[in-house]
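Below is one structure; the comments refer to it alone.
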Amino acid sequence: MDEKEVGILACSGEECLGGTISRLATRRVIELLRPNRAVTLCLPLYIAGGEEERAFARDYPVIAVEGCGKHCSTRATEKFSGKVHDTVEVAEILGEGVALAKTVSTRDFTAEHQDMVKIVAREICARLDAIV
Amino acid sequence: MSKVVVIPCSGIGKVMGLLSRETALEVTNRLAPEITETACLGQLVTGDEDARVKITGRPCITIDGCTANCAIESVTAIGGNIQAKYQVLDEMRKHRGKNAGDGSMLTVEGWQIVDEFAAHIAKRAEELHKEGRTNG
């Protein structure tokens, strides 16, 4: 059976915890939870890459994973590539206080942080499963 | 003088992206928080006005994980003033044979790379900050 792949694009924001969670949750989906169904792209490759990178939203239905209300993943995709299929917002799932908290190095990640990543990863999977 | 802005690529696919990100956080959160800060690369990519204001007229240091040079390209696209450019690949050549980890978690050896790299970049940030004060 031909399996449909979905593009997951994390904002990976450096200034708040939501960005770190978006990045790690996306990696968890790609590596562990849906390894054959999901692909990703470094967001700034929309600028630094070529036509192949800018075709991302045309080649795959894209789920944007946003660490904060700036919605950089959605905005970048729609500016350089195409429409976003769905959006997962860390602030909606974990609360704005968590998403906008000071960013944390993975060196200082706690079990609580890991749980946050798992919760957001599960939500990404739910959205992905609805597409495929 | 305003702070030096340290901008990593935070590439999501490989360990080099995580090394760039953690190095930037080590500089801005631990080694030199009084004179440095970071900025979201995603905001620079979208041309966000707040991000543009944040980096305008301030010295920027970029840390790229691979030869796509996403941090350099994105800061340049928004008109930022890059005063120093670093490549994780260059740093890793000094640590041949070491296993740094993967894109989600670093190993002990990976953190050693971050600590050495960050110390070097923090020193450069201090020089840039002093130059800025001297030049007014």
Give the cross-link partners of B:K123 among the aspartates and glutamates, using a straight C-alpha distance below 17 Å as the criterion and excluding same-chain residues fewer than 8 apart.
B:E22, B:E26, B:E34, B:E37, B:E91, B:D115, B:E131
Rounded to the nearest whole Å³, what is the per residue volume of the convex hull around the Cα atoms of the protein assembly as shown?
120
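Trypsin sites (Lys or Arg not before Pro), restricted to the stretch B:47-135: which are DSSP loop and have at most 16 other Cβ atoms within 10 Å?
Taking the stretch B:47-135 and a limit of 16 other Cβ atoms within 10 Å, the loop trypsin sites (Lys or Arg not before Pro) found are B:K94, B:R96, B:K98.
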Can you compute log10 of I(q)/I(0) for the stretch B:41-82 with the Debye formula, treating each Cα as one identical point scatterer, at q = 0.19, 0.22, 0.28, 0.29 Å⁻¹?
-0.48, -0.63, -0.97, -1.03
Hey, any idea what the orientation-averaged projected area of the convex hull of the stretch A:20-59's Cα atoms comes to, in nm²?
3.2
Value of [θ]222 nm, deg cm²/dmol, for chain A, DSSP H segments ≥ 4, -39500 (n - 2.57) each, nearest 500:
-12500 deg cm²/dmol
With only alpha-carbon pairs counted, each pair once and no self-pairs, how large is the Kirkwood hydrodynamic radius of chain A in angstroms?
14.5
Can you give me the pair-distance distribution of the stretch A:31-100, C-alpha pairs, 5 Å bins, whole percents?
3, 16, 24, 23, 18, 12, 3, 0
For the stretch B:8-37, run through the trypsin sites (Lys or Arg not before Pro) and keep only the ones in DSSP coil with at most 16 other Cβ atoms within 10 Å of their Cβ.
B:K14
Kirkwood hydrodynamic radius for the stretch B:62-136: how many Å is it when counted over pairs of different Cα atoms?
14.0
Taking only the alpha carbons of chain B, what extent do you get along each of the three principal axes, in Å, biggest first?
44, 31, 21
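Would you be so kind as to identify all helices of chain B, as entire DSSP H runs, whose Cα atoms reach 20 Å or more along the helix's own axis and whose mean Kyte-Doolittle hydropathy is at least 0.0?
none
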Please state, as a whole number in µm²/s, the translational diffusion coefficient that the Stokes-Einstein equation yields for the stretch B:14-76 at 4 °C and 1.567 mPa s, with Rh defined as the Kirkwood radius across alpha carbon pairs.
105
Summing Lys, Arg as +1 and Asp, Glu as -1, what charge do residues with Cβ under 11 Å from the Cβ of A:G82 carry, A:G82 excluded?
+2
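FYI, it's all coordinate maths here, none of it is from the lab. None of these values were measured; they are calculated from a predicted model. Note that each Cβ is placed from the backbone with ideal geometry, even for glycine, and that neighbours are counted across all protein chains shown.
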